[in-house]
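Structure, as structure tokens:
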């Protein structure tokens, strides 16, 4: 049991709700320990008003002896000292004792409670068996005394009297009664809390509503609401306690904002007093009584109030184990305070706020460090780093204010300021006096000397940077680094400053932030100048001179820096090499001529468009482009398509570099793969050897990859964006121009490219020299190249008009590309003459000379001398790489037919006469390849050229027979597109003098139009015997239509006819059936075939296929066959058979066959075929082939088809065709098996061919079938 | 400055950056650039927890003594940053949100322009107008 002190308890953590105890103090004291222990053991559910969520709460109580003074007086709203419950203890079991003293005492107690309106009370009656034993006499039943008390005091509130049985015994009954007592106490306590807190809150709200009334004081209200917060804290409801403070915070903030909006509250005046103390937050005490008193008295400044509020919030948050919220709120608070002071226009000594913020930051960090372990701290850097950075910032500005950053050290004015600032800190708080690292000591020390400041500032900066790095906020880390760099610059330590600046610059460049880039780069320039790093400084200056973010004056300044250095007199051998991209940009390159391919020695110009980034015009001593030379190994075809496309227009556009434009970051400009197809073709026949895909910009891609993969840039790279300048290769071939002035903006510069050696020239680098300074573009990309070629002279011949016709004089065009060869006077082309193609030299033949650009430069007559073997053409003198053209008339003689005999056609004729189609795919013209051999002056070898001529005609011949009479027909077709006049058509026989060919053609001249034919016919007449074989020559003259007689050219056609004489005549007759005048359909008729031998056998025939009969007569076997292909006739009985014919003139054989007409009308006779039958000669050696029958069948079938094909003499029977190409096996077979051989068309004459016979319909029925479909 | 607005590409280079006062433009650039740290932090934190359906508005990125920096990130990882002077206490979170929404809409219009090459700095007059309007409204 503790005594209540006079002063209100504030150390709330030790506080508990007050419960008063009246009655038997001895009794209570004996039970106190158990009670105090047992009460908080079980949680109770606390149902809240205003819809707040119910909470489980462990109740504790501070039991104090009842005194009348403890009861709250009228109007006293203190909650902390409020007794929430009053208990009266008694163990009276004696009615007398009760009536005598206890009841009286209770009444007094009750009265005093009632006068103070304290309705929360309870009477506890303790029972024990010991007491009962002591007072046996006056013992009443237990219930009776309790009932008495209840009757006397608990008017309808029976629960206000509780019995506790045998409290000191360890029995289940005792336990039970304890439990019910505790439950009752807890319930009553909670009821009291609810009621009293509710009332308090209502009062508080009423007070808050009055805030618009004059005279309302925030500080008073603050104390009231804080009382509530204290009670919640007392009840360990920290969340609720925090809410009270947050509400106060918000209320105050709103007032400040309203003040800003012009709505002033009177009470705010005290907060607007000038700030005199900036000692920072104090978070080491649960309650800062000093500040609290200040608030209570209405004397607190804004910083005091804010500090006190925050310290309470901090305490509660740490109770709630939310330290990271503390740091977050701290940062917000500090920012907010600065803003609020500004808003309220509170006068503050310069730097005082910086001190306050600095101290506060460190205090918060210390507080957090005090309640977290190292691992937790490390894991939550992100929450603390803001405070570290803020503190760093503030210290830096303090240092600047107090002259601690300058190289010279603080002035006396600075020192005075320092003293004033330190005075505002006051004395160090007792809590931290003994701590070595207190924020107070740190600040004091830091402001005491330049060295100490530097140490503290660097510590803080590095700590902040490391934390930022640790949590991946690299940009923030770099910004701190930049700030550090500025510090170093002020201290004159340019080297360290540059490191930090470079790192920051790298990040700005890689992410494309142009303004920070410019700013940082300017700082770097300053460092580099201080450090005397000329090359780097010049490079940076050049970059800045082209930086559009800077003003023109600044740019001119930096440009002048470069030019001044460049113009310094001195050793010219040492040159500073800088990247060209900072100075000028190559935007376009144009070739003149555009094809970028010239013959060796020709003029090729390269026009560069350079965009100068400098703000002033710059005079260049030299501009040079280095060249890489590659010899083409005589293979000009090895060239990629991509390259051809690129230089097709002769213009290459370069995409702009990123450095100066500043739009996109370097990382976003990854060049795309540039792939080209490369084909390697054979130089001789242009066939594809290999094909490949090459990447043309590997050097760029690979380089980019390397630099991005290595995270740390090499330290000697001055600016991370510029490529390390590459020195120009000395001695290499170059395109050069001296003394050029580049104006700002686009400049056009023309260079002349070297073109002596044939090969490929690749432009590699560009270099600009300005005095001591060189600007180098290490890679020209996309790659630019031009070709210089050397060409062999080339002679071609082509027709002047397609197609060239054989047999007529035709013009052909000779084209000579001179290449590297200069045609001298006296040079001549020697054409070897051929018989098949004579050249007609004409006197008016002239030659044209064309320049490489196809312009006519000269024309001269050609002198052509023809000798027997050679035609010599003297050429006019022609310069190299010119074209010489002239035309000649040639005639291709049509080969006479002797080479085109019918039987030759199969062997070589197939190849020769295959029609070739050029412009007229439908017109088959036989082609002749005519080769020319020409000796040229530039080569020891002859040049072979070929021309293709086409024969305009096609010819065919045939032998026609009428009995013994013979006719020869020649068919001539004009297959060309030209119309001809045909004259003097003749046919002659070469060998037989006695033979006469009588022309049946009437016209001497006739028109033969394109794609039309002419037939010519001759009758053969002979005196003695008709020769077996005839050698004929067809000849005609032709000329293109409408040309005079002299233009007629001959055309010959040779051919041979064999087996000319007619051997047999076949006569057929059809007889109607007996008794009928005409044949009738469906009735059998007789067909009589009469085969007559017309001629005596010739010697050859006798030897060939005859055999001697038994009676000595020479006979030959014939086979006849009646076949009706059109199904007019039905052959009844045998349709074929063999007959033996005596080999003598007029030998006749008749065959009777029955046939039946199937239709009525004029029916053609059935076809009668006569074939040579060659019986088999028995052979012992070779067995008959099982296929032989098939072979036989196929033969006869073949013959049938032959019959249908017509009777052209030029087509021999297939059987004999087979025998021509037959092999040994076939010959053997043919001699063993009987064989059929057709006669040549002229050998058998059919009298009844195409003869018809009248067939009447069947007599008995006249049914006509009509089918309508 | 009173207010500044920046649009930053996925690759973290500025597509559009504008502030009212020109004398503190440099500081504004530094601020926006530094704020990308927090933007990235927030994006990765949000990405982990919510997956696809994430809030585009990132809220207050970080406060400083002088100004507040708010962030917003589109689904294509283009970031919008609005920087407001700390003394401007009248701006509520909702207003900032609606500013971002407006910006996003206008930005989408810019991207829909077939003649605009995504990744190029924004030079649209319409977008500029929207931004100017906001600056007048809040500044």
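The values are calculated or read from the model by the stated rules, or taken from the named source; none is laboratory data. Please read all numbers here as calculations on a predicted model, not as lab measurements. Cβ coordinates were reconstructed from backbone atoms using ideal geometry, including for glycine residues, and neighbour counts include every protein chain displayed.
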When residue A:452 is evaluated against the numbered criteria (1) closer than 22 Å to residue A:487 by Cβ; (2) surrounded by fewer than 17 Cβ atoms within 10 Å (Cβ to Cβ); (3) at pLDDT below 90, which criterion, by number, is the only one it fails? (3)
Can you say whether residue A:483 is within 14 Å of chain B (Cβ to nearest Cβ) and in a helix (DSSP H, G or I), as far as the supplied structure shows? yes
Return yes or no: is residue A:331 touching a strand residue (DSSP E or B) at 6+ places or on another chain (Cβ under 9 Å) and touching a residue at least 24 places away in the same chain (Cβ under 8 Å)? yes
Could you list, in sequence order, all residues of the range B:4-46 that are away from every other protein chain (no Cβ under 11 Å) and within 11 Å of the chain's Cα centre (by Cα)? B:4, B:5, B:7, B:16, B:18
Is it fair to say residue A:988 is modelled with pLDDT of 85 or more and not in a loop (DSSP other than H, G, I, E, B)? yes
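Could you run through the range A:817-842 and say how many residues are closer than 21 Å to residue A:883 by Cβ and more than 50 Å from the chain's Cα centre (by Cα)?
Residues that pass the stated criteria total 11.
Okay, residues lined up against (1) buried (at least 20 other Cβ atoms within 10 Å of the Cβ); (2) closer than 26 Å to residue B:67 by Cα; (3) modelled with pLDDT under 85:
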{"site": "A:264", "(1), (2), (3)": "no, yes, yes"}
{"site": "A:325", "(1), (2), (3)": "no, yes, no"}
{"site": "A:330", "(1), (2), (3)": "yes, yes, no"}
{"site": "A:355", "(1), (2), (3)": "yes, yes, no"}
Scan the range A:201-214 residue by residue and report those that are touching a residue at least 40 places away in the same chain (Cβ under 8 Å) and part of a loop (DSSP other than H, G, I, E, B). A:214
Whichever residue in the range B:63-74 is crowded, with 18+ Cβ neighbours inside 10 Å and either touching a strand residue (DSSP E or B) at 6+ places or on another chain (Cβ under 6 Å) or more than 11 Å from chain A (Cβ to nearest Cβ) (or both) and, among such residues, is modelled with the lowest pLDDT: B:67
Can you find, within the range B:90-113, the residue that is nearest to the other protein chains (Cβ to nearest Cβ) among those that are surrounded by fewer than 16 Cβ atoms within 10 Å (Cβ to Cβ) and not in a helix (DSSP H, G or I)? B:90
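Take residue A:561 and decide whether it is without any contact (Cβ under 8 Å) to a residue 24 or more places away in the chain and either assigned to a helix (DSSP H, G or I) or crowded, with 20+ Cβ neighbours inside 10 Å (or both). Even if it seems obvious, please write down each step before you answer.
Details: without any contact (Cβ under 8 Å) to a residue 24 or more places away in the chain: no; either assigned to a helix (DSSP H, G or I) or crowded, with 20+ Cβ neighbours inside 10 Å (or both): yes.
In short, no.
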Taking the stated definitions as given, is residue A:797 farther than 14 Å from residue A:734 by Cα and surrounded by fewer than 21 Cβ atoms within 10 Å (Cβ to Cβ)? yes
Residue in the range B:114-139 that is farthest from the other protein chains (Cβ to nearest Cβ), counting only those that are farther than 25 Å from residue A:514 by Cα and exposed (fewer than 14 other Cβ atoms within 10 Å of the Cβ): B:133
Would you mind finding the one in A:309, A:257, A:303 that is within 21 Å of residue A:336 (Cα to Cα), buried (at least 17 other Cβ atoms within 10 Å of the Cβ) and touching a residue at least 60 places away in the same chain (Cβ under 8 Å)? A:309
Members of the range A:303-328 found to be within 14 Å of another protein chain (Cβ to nearest Cβ) and either touching a strand residue (DSSP E or B) at 6+ places or on another chain (Cβ under 9 Å) or within 18 Å of residue A:269 (Cα to Cα) (or both), listed by number: none
Please work out if residue A:388 is in a helix (DSSP H, G or I), within 14 Å of chain B (Cβ to nearest Cβ) and either under 50 Å from the mean Cα position of the chain (by Cα) or over 20 Å from residue A:333 (Cα atoms) (or both). yes
Condition first: at pLDDT below 80 and either touching a helix residue (DSSP H, G or I) at 6+ places or on another chain (Cβ under 9 Å) or under 23 Å from residue A:1235 (Cα atoms) (or both). Now tell me which residues in the range A:1106-1132 satisfy that. A:1106, A:1107, A:1108, A:1109, A:1110, A:1113, A:1114, A:1115, A:1123, A:1124, A:1125
Do we have any residue at all in the range A:729-749 that's part of a loop (DSSP other than H, G, I, E, B), touching a helix residue (DSSP H, G or I) at 6+ places or on another chain (Cβ under 7 Å) and at pLDDT below 70? no
For the range A:486-504, which positions are assigned to a helix (DSSP H, G or I), away from chain B (no Cβ under 14 Å) and closer than 16 Å to residue A:403 by Cα? A:487, A:488, A:489, A:490, A:491
Some residue of the range B:75-86 being farther than 29 Å from residue A:353 by Cα, within 12 Å of another protein chain (Cβ to nearest Cβ), touching a helix residue (DSSP H, G or I) at 6+ places or on another chain (Cβ under 9 Å) and at pLDDT below 90: no
Single condition residue A:472 does not satisfy, out of (1) surrounded by fewer than 24 Cβ atoms within 10 Å (Cβ to Cβ); (2) within 13 Å of chain B (Cβ to nearest Cβ); (3) assigned to a helix (DSSP H, G or I): (3)
Might you let me know whether the range A:403-422 holds any residue that is surrounded by 15 or more Cβ atoms within 10 Å (Cβ to Cβ), in a helix (DSSP H, G or I), touching a residue at least 40 places away in the same chain (Cβ under 8 Å) and away from every other protein chain (no Cβ under 14 Å)? yes
Take the residues of the range A:515-548 that are modelled with pLDDT under 90 and within 14 Å of chain B (Cβ to nearest Cβ): which is surrounded by the fewest Cβ atoms within 10 Å (Cβ to Cβ)? A:548
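For the range A:581-635, which fully contained strands (runs of 3 or more DSSP E) count at least 1 residues that are under 29 Å from residue A:554 (Cβ atoms)?
On the way: elements: A:584-592, A:597-599, A:604-612, A:618-630.
Of the strands (runs of 3 or more DSSP E) lying wholly inside the range A:581-635, those with at least 1 residues that are under 29 Å from residue A:554 (Cβ atoms) span A:584-592, A:604-612, A:618-630.
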Yes/no for residue A:957 being modelled with pLDDT under 85 and either closer than 28 Å to residue A:1063 by Cβ or not assigned by TED's automatic domain parsing to the domain that holds residue A:800 (or both): no
